[in-house]
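Everything on this sheet refers to the single structure shown next.
The values are calculated or read from the model by the stated rules, or taken from the named source; none is laboratory data. The shown structure was predicted, so the numbers you read here are calculated from the model rather than taken from an experiment. Don't worry about glycine lacking a Cβ; one is built from the backbone with ideal geometry, like all the others, and counts go over all protein chains shown. Just so you know, the surface numbers come from the protein's heavy atoms only, side chains and all, with ligands and any DNA or RNA stripped out. Shrake-Rupley method; radii C 1.70, N 1.55, O 1.52, S 1.80 Å.
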Amino acid sequence: MAVRRFQRFPIPAGVDLSAPEGCVLERYEAEVVLDPAHPSNGGVAGLGDASTGADGGVAVILQAQLLAPADRDVSTLLVEVVNRGQAAHVPFDGDAVTAHRSAVFGAAPRALERNALVLRDRGAVLWCGWQWDLAGGDPRLLAAAVPAVRPDVHRRHPPVTANLTTPVPAAVLPLFGLPGAASPYPVEDLGDGRAELRAITAGDGAGALVPRDRWGFTREPGDPDGVNVWCVDAFVPGTTYRVTYRGGRCPVAGAAMLAVRDVVAFLRSRPHPVPSPLPAPPAVVLGYGMSQAGRFLRQFLHDDRNAGENGERVFDGLLVHAAGAWRDALNGLHPQPSSAPAPGSVPHGSSASGDLLARTAPAVRPRVLFTHTATEYWRGDAALTHLDAVTERDLPDPAHARHYLFAGLDHYGSRRPPGRSAKFPVNDVDSGLLLRAAYWALRRWVSEGVEPPPSAVPRFADGTVELRSVVLDEFRSVTGFGEAIALDDGWPPAWVSAVDAWHNERAGIRLPEVAVPLATLTGWNPRTTDEPGATTLTPLTGARLPLDAAHPDCSATAVDARRTEQRCREIAEDLAARGVLLAEDVDACVRRALRY
């Protein structure tokens, strides 16, 4: 079994991305049929309990979008596992987070040029949808449809557990997920007396049980699946509310990961009874995912899914960005990939076990670059990808993987999340130029055998790793941070980069903004102090403080001496010589730095 249909359909109105001259942009719908008994599909929760067709297979539908040369003669195919269905941006063409900002904030995507990095030398891009719980039915999004567990066995499965948070006090909250981005599992019985709500604060894993007569469910008008949770005592920031209830259906979510695998395997295999949009298989297939989609790829690797049903390798290489040590909760019952773990809890998949690909056979093992921002370290998990927090030792890099910290950069790059109020100016230094170099290094590693730069992360061996609590203490001397520094209360210990005299990170890849320095830049930012729960972090958002504001006792001469185009250029050229910045991007790197 595998791909039964790969059918083109019109690009919906409102999709702003258009193909450059000499290229085609097309949308497809793939029907993938999974054999529950095939060994490569083993371990997927609920797959054996799903309804099957006459052929004994379980059907999954995925939507995809292809940008390729007009003749579709492709040498390198980049498959982007899309973040929340968004496919409005070509990876590594401009700022790294343009697509994510477009998804979350409605920003206009960049105009695409023919010389986009991924299109060079007969490159192509396939955006692949996988998320089955996208809300709103927006036709511009690339979605997926997965089967559900049969009703006769549904009740044998455990109830749904969802975590609710709010940036401001509220009497009513949506059931779970990002409002407007993810649909909740329907509540089977709104009046179910067995449902529970617990209020959990940092360091309190069990939480306090809220009496059942003081909270309940309410249906969204006109939306049978839209459910809110109300509470007599208002929901407040800084607390996670865990609700447990009996859901109305149980999707086989892990089937989406298998379907992505089989779509990629289909595009690179011949012969195949289903016509392919590519006349010949690409020589190289790479994968990319950021944030939530990066967690998808980490789960893909952990579950050893890089071999298709035919036993052949699926991805030759992967670039996983801003995922930290987390994995998406994709292969479980009632998973919620758009929801984050509760503060103080152990994130799904975090461990110091080192190599995600330890179980993968060498013949199908991809080469992988893991790139992290400071944000993923400060939330407590990224360091676990390359060090053992228990024995306090560095883990050796496996031959097929590298890790890089983008020092002082945050998860988003330039825009704060809507509804979040950060105390300090937002860190707007973008990781796009570094990601371009990482992609090109991966492409050369796979296609030419050219080794990428060595890992650049905080290490015990060179003294560049430090406990978060220690670095927080050092920030008490920074103007404005002292009164909002109780960020570590109740959180588990975390390892982050040590900082220099300007409180910029010492480890990792340091852009001129960090290395000169031109500002004090962090991957974390407290909430405003006039909010309840202000001692917690603004999610995924960093801070940028001018040096004279953060360090008023420093001499103006010392600051000015560091704000020189020559110094910025020296740093950028050194990054290019190390292979962590493209030589063609040196001028752009200097221009961006001199904005400060």
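Taking a ≥ b ≥ c as the square roots of the eigenvalues of the Cα gyration tensor of the stretch 192-310, is the shape rounded (a/c under 1.5), prolate (a/b larger than b/c) or oblate? Here the stretch 192-310 falls in the prolate category.
Hey, can you find the accessible area per residue of the stretch 391-469 for me, probe 1.4 Å, expressed in square angstrom?
Roughly 36 Å² per residue, with all protein chains present.
Solvent-accessible surface of the stretch 49-96, taken per residue with a 1.4 Å probe and all protein chains present: 26 Å². In this simple spin-label approximation, Ser477 and Arg194 carry label points 7 Å from Cα along the Cα→Cβ vector, and these lie 5.9 nm apart.
Over the C-alpha trace of the stretch 1-76, radius of gyration and Dmax come out as 16.7, 48 angstrom.
A simple count of charges around Val368, restricted to other residues whose Cβ falls under 11 Å of its Cβ and scoring Lys, Arg +1 and Asp, Glu -1, yields +1. 3J(HN,Hα) along the stretch 300-306: 4, 5, 4, 7, 6, 9, 8 Hz, from the Karplus curve 6.51 cos²θ - 1.76 cosθ + 1.60 with θ = phi - 60°, whole Hz, x for Gly and Pro.
Summed over the residues of the stretch 286-327 and divided among them, the accessible surface reaches 18 Å² per residue at a probe radius of 1.4 Å. Per-residue 3J(HN,Hα) values for the stretch 325-332, derived from phi via the Karplus relation 6.51 cos²θ - 1.76 cosθ + 1.60 with θ = phi - 60°, read 9, 6, 10, 6, 7, 9, 10, x Hz in sequence order (x marks Gly and Pro). With the cut-off at under 20 Å, measuring from each backbone N in the stretch 506-523 to a point 7 Å along the Cα-to-Cβ line of Glu573 picks out 510-518.
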